[in-house]
Amino acid sequence: MREARSRAELYVRAAGLRISRILSISEGGGYYPQPIVVTGRMAGAPPAPPPPPSPVAPGELMLGATVSIQFALRP
């Protein structure tokens with residue numbers, strides 16, 4: 001938020017304006033889990049065995065997010 005406000009101040013000063021207030025804040029990006037697929041089975045058939053566990057490798061996971069802020073300006 002501080003960085004967004006600082007950048008907005010830079011732009012409005014260059015245009016000879018001032019920030020009046022924040023109009024909206026929206027966020028995008030980040031982690032989106034994969035959907036779980038459910039399959040049916042035929043009546044009377046035994047249930048399918050559970051899937052093997054997913055291998056988990058050590059390491060890093062990078063996530064990103066984008067925040068957009070709209071400001072109202074005044075002279």
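What follows is calculated from the coordinates using simple rules that are stated; it is not laboratory data. Please read all numbers here as calculations on a predicted model, not as lab measurements. Glycine also receives a Cβ, built like all others from the backbone with ideal geometry; neighbour counts cover every protein chain displayed.
Things worth noting here:
- Sites ARG21 and SER54 - FRET efficiency at Förster radius 35 Å, r taken between beta-carbons, to 0.05: 0.15
- Built amide H within the under 5 Å cut-off of PHE71, gap 5+: LEU23
- Between LEU63 and ARG2, full extension at 0.36 nm per residue minus the direct alpha carbon distance yields a gain of 19.9 nm.
- Residue order, fewest to most beta carbons within 10 Å, for MET62, MET1: MET62, MET1
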